[in-house]
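Peer 1: Just dropping this structure here.
The values are calculated or read from the model by the stated rules, or taken from the named source; none is laboratory data. Keep in mind that what you see is a predicted model, and the values were worked out from it rather than measured. A quick note on method: Cβ atoms are made from the backbone with ideal geometry, for glycine too, and the neighbour counts reach across all protein chains shown.
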Amino acid sequence: MPTVPSSFVPQANLQDGGEVPLQAPGVEPVRNLAADQQVQLGQAMTRAGNVAWNVGSNIQDSIDEAGAKEAHSQAMNSSQELLRGKNGYLNTQGKDAEVSFQATDDALTQVANNVLDSLPNETQKTLFRQAASRDLFTYRGLTNNHRNDQAKTYFLKESSARIELLIPQAVNVANTRNDVDSNGNPSGPFNLAVETALVEVDRIARQEGIPRDSFQYQTMKNNVWGRVTSGVVDDLSLQHQFTAAEKYVVSQNEKGLLDEKTRDSLLKQVRSGRYSQEIVEGAQNVIQTGAVQGISFGGNYKLPFEDAPLRNHTESEPTNYVSTEAKDIRLTKRDDYAIYANPEPGSPLKSPGDGKVTSVENGEDGIDISIAMANGTDVVEFKNFRGEFQPKVGQVVSAGEVLANNGEGIVTWKMKENGKYFDPRASNYANRSIDPETVRPPSDEKEALQAVTDQVEDPTKREDIKNKVRNDYGNIRHLQSLDTQRAVGLAYSILAKDGATAANIPPQLRKNLPPAFLKQINQDFQENKDMETKEKLILDPGLLTRPVIDDNGNATSWIETQQGISPKYRLELLKQLSSPNEKIEFENEMLQSALIANKNSKLAFPDMTVESEKQAAMEFRVGFRDYMDTQQKANGNVQLDRNQTRKAIDDYIMEQLPKRATVYGFINEDMFVENMTQPQWEKAFYTLGKTKVYLKDIPQAQRQHMITLMKNRGMPTTVKDVAKAWNEYQNQTK
């Protein structure tokens, strides 16, 4: 069992003689009138009373000690919950430790007082006070130490957090980084944010006991500057201000604000980003304009005037130049490449790029303004400016920022690089010596590549831009191919409709169709019209010579009514008309009479809108012509007389009519498909191995296209060859 501290053991001071002070009150001895035995008996009883009192006192002491222990345990449990519980003080951090310190101390004291008040007697209270006093002393030591530790942590975290807020704040106003006050000291939002962050660094160093002249202290400051510089560089890179970004890194390094690793990393980032952007922009712009240019090459320069008429200086400077054409720019003959601007009074004069105003002086005919650009090499000059207000020397400006409002008159705009003037229109060129007047968009990839060769001096960059140009042209061709495929598909869907011709293709769609395709469409249309005309003449050869009477009673040639036929076939018909074949017309008339006599009017005069009737009549007449040619050859190529013709016609009818259903269905595998009618297409097939390839399975939209391709490649277009070609195409596309 645990040993009870001596403070919990009741103590009593013994008087001389060893007697306990808390005894029964003394009794004056009564005169002993009894026998000695009675006296002795009384003394024995007195001693027994003293023993009983001592026993009772020891029992009370044990009870008080146990009560004090129980109270102490209760107080300890409650105090531990306050200190180490789920929400205990020793688990608080930072500012919470400071805020809850006094409340915790008061709560610990209150726990002890509450337990003390619950004790029943002064002995237990005395015992509890001694133990509780020692505990409170220990607890206060723990809470004070925790408070001091967390106060330091809170301070460091708050300073660090403030630095974290100030760095992006500085980056967001990086365009004010060059601001200075009237004494030339850094000023403005950027410098204020950075200086405040450095003050927090100093406070952290003092709290940690880091000397200001130590390497560790300098590293802490450089860390802030490194992150600020990195943010500024990222911001400039997003604006493609790579030259300005590189210059800023170099400047920061020269001031000793960057460590070597950060400097090298940022310079590599800027140079790599600029190079990649130059390749992309150079390729895109040379394809579009013929000039290898881009904002990454220059300073992301913009036009300083809004819709102001512009032109270059000539040998003689006009004094009252007024242009009737917007942006009238002419080739300069001077060495300063100056450009006149005639802006609208009150319109803004803007800075072409990021920079700082270096001079504002009175000129010959107005104010002369100079701006040093952020890349460190370019200077912008405005001469003869007249306006409502003017920029101030030392003013930091951004690209597109309004410098002033234009007044009446002409403003001159010049630019120079390292003291040498160049054409401002070439400010974003890879090669500023290129004359903008000579630049023209390339007509093809070859011209674009030649422009890159002429304008880019660095061989590695030149080859990289060329490769990008080749890749971009490849993408352009691919996109054009996709557009063409979509256009062709739409055109086929239009042409698939009954009676549709090339004229039904909308102009917007037509311009995306390749010329060869349009030519083929017209050719296919003419071929179809030729075939329709041939079918009509097969059924009725007399159409060629019979005149057509219009609604007004005027007669015209039947050939003139056949619109859409090819010029070649029209010429052929005209030749036939000049020397008509009376024999064929005569035979056809006799055949018509014989068919009518045999009650076969559908063969004699088929309904051309009913495909089956039309097909049957066509096949019957084609067979008839072949039969008659055979009969004439059998007659020694001597034309048959009337009786011979009638007999041949009767024999042909007697031979063919009973078998017509099967005979007309037969299609020779060597038959040319362009001579087939639609019902023949429905029946035609060719057996490849164990597979029957039906021509009817070839979609209408692809049928004529495939036949045309085969003809262009010199391939025969028989049933057999078309079936083989279609089967091969299907196998390739699976």
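Peer 1: Do you know which residues across region 580-607 are assigned to a helix (DSSP H, G or I) and under 16 Å from Leu537 (Cβ atoms)?
Peer 2: Once the filter is applied, which keeps residues that are assigned to a helix (DSSP H, G or I) and under 16 Å from Leu537 (Cβ atoms), region 580-607 yields Glu582, Lys583, Ile584, Glu585, Phe586, Glu587, Asn588, Glu589, Leu591, Gln592, Ala604.
Peer 1: Within region 81-113, how many residues turn out to be assigned to a loop (DSSP other than H, G, I, E, B) and either touching a residue at least 40 places away in the same chain (Cβ under 8 Å) or outside the structural domain of Ala151 (by TED's automatic domain parsing) (or both)? Show your work before the answer.
Peer 2: So the first thing to find is which residues in region 81-113 are assigned to a loop (DSSP other than H, G, I, E, B), and the list is 85-88, 92-94, 100.
Of the ones still in play, those that are also either touching a residue at least 40 places away in the same chain (Cβ under 8 Å) or outside the structural domain of Ala151 (by TED's automatic domain parsing) (or both) are 92-94.
Residues meeting the conditions: 3.
Peer 1: Then there is this: Is region 286-306 home to any residue that is of a type in the set (D, E, K, R), assigned to a loop (DSSP other than H, G, I, E, B) and at pLDDT below 80?
Peer 2: Yes, some residue in region 286-306 is of a type in the set (D, E, K, R), assigned to a loop (DSSP other than H, G, I, E, B) and at pLDDT below 80.
Peer 1: Let me ask something additional. Could you list, in sequence order, all residues of region 423-435 that are surrounded by fewer than 19 Cβ atoms within 10 Å (Cβ to Cβ) and in contact (Cβ under 8 Å) with a residue 60 or more places away in the chain?
Peer 2: If the condition is that a residue be surrounded by fewer than 19 Cβ atoms within 10 Å (Cβ to Cβ) and in contact (Cβ under 8 Å) with a residue 60 or more places away in the chain, then Asn431, Asp435 are the ones that fit.
Peer 1: I need the full set of residues from region 449-478 which are crowded, with 20+ Cβ neighbours inside 10 Å and assigned to a loop (DSSP other than H, G, I, E, B), in order please.
Peer 2: Answer for region 449-478, where residues must be crowded, with 20+ Cβ neighbours inside 10 Å and assigned to a loop (DSSP other than H, G, I, E, B): just Val456.
Peer 1: Further question on the same structure: Of the residues in region 479-499, how many are free of Cβ contacts under 8 Å to residues at least 12 places away in the same chain and not in a helix (DSSP H, G or I)?
Peer 2: Count: 3.
Peer 1: Looking at Thr358, Thr412, which one is hydroxyl-bearing (Ser, Thr, Tyr) and either surrounded by 18 or more Cβ atoms within 10 Å (Cβ to Cβ) or not in a strand (DSSP E or B) (or both)?
Peer 2: So the residue among Thr358, Thr412 that is hydroxyl-bearing (Ser, Thr, Tyr) and either surrounded by 18 or more Cβ atoms within 10 Å (Cβ to Cβ) or not in a strand (DSSP E or B) (or both) is Thr412.
Peer 1: Please tell me if Asp444 is among the acidic types (Asp, Glu) and either surrounded by 14 or more Cβ atoms within 10 Å (Cβ to Cβ) or closer than 16 Å to Glu278 by Cα (or both).
Peer 2: Spelling it out, it is not the case that Asp444 is among the acidic types (Asp, Glu) and either surrounded by 14 or more Cβ atoms within 10 Å (Cβ to Cβ) or closer than 16 Å to Glu278 by Cα (or both).
Peer 1: Tell me, which residue of region 608-640 that is modelled with pLDDT of 80 or more and in a loop (DSSP other than H, G, I, E, B) is surrounded by the most Cβ atoms within 10 Å (Cβ to Cβ)?
Peer 2: Leu640
Peer 1: What is the number of the single condition among (1) surrounded by fewer than 16 Cβ atoms within 10 Å (Cβ to Cβ); (2) more than 20 Å from Val232 (Cα to Cα) that Ser159 does not meet?
Peer 2: Among (1) surrounded by fewer than 16 Cβ atoms within 10 Å (Cβ to Cβ); (2) more than 20 Å from Val232 (Cα to Cα), the lone unmet condition for Ser159 is (1).
Peer 1: Another question, if that's okay. Does Asp235 satisfy the criteria of being assigned to a loop (DSSP other than H, G, I, E, B) and among the charged types (D, E, K, R)?
Peer 2: no
Peer 1: Right, another one. Just checking, how many residues over region 397-429 are more than 16 Å from Tyr301 (Cα to Cα) and of a type in the set (Gly, Ala, Ser)?
Peer 2: 4
Peer 1: Which of the residues spanning region 189-203 are surrounded by fewer than 17 Cβ atoms within 10 Å (Cβ to Cβ) and touching a residue at least 40 places away in the same chain (Cβ under 8 Å)?
Peer 2: Hit for region 189-203 is Arg203, nothing else.
Peer 1: Hey, another quick one. Would you say Thr126 is in the same structural domain as Lys157 (by TED's automatic domain parsing), surrounded by 18 or more Cβ atoms within 10 Å (Cβ to Cβ) and part of a helix (DSSP H, G or I)?
Peer 2: no
Peer 1: Pairs under 6 Å by beta carbon, first residue surrounded by 14 or more Cβ atoms within 10 Å (Cβ to Cβ) and among the β-branched types (Val, Ile, Thr) in region 255-274, partner assigned to a helix (DSSP H, G or I) and at pLDDT below 90, six or more apart or different chains?
Peer 2: Taking only residues 6 or more apart or on different chains, the pairs are Val270/Phe242; Val270/Ala245; Val270/Glu246.
Peer 1: If the requirement is being at pLDDT below 85 and either hydrophobic (A, V, I, L, M, F, W, C) or within 60 Å of the chain's Cα centre (by Cα) (or both), which of these qualifies: Ala103, Ala97?
Peer 2: Numbers: Ala103 fails: at pLDDT below 85.
Answer to the selection: Ala97.
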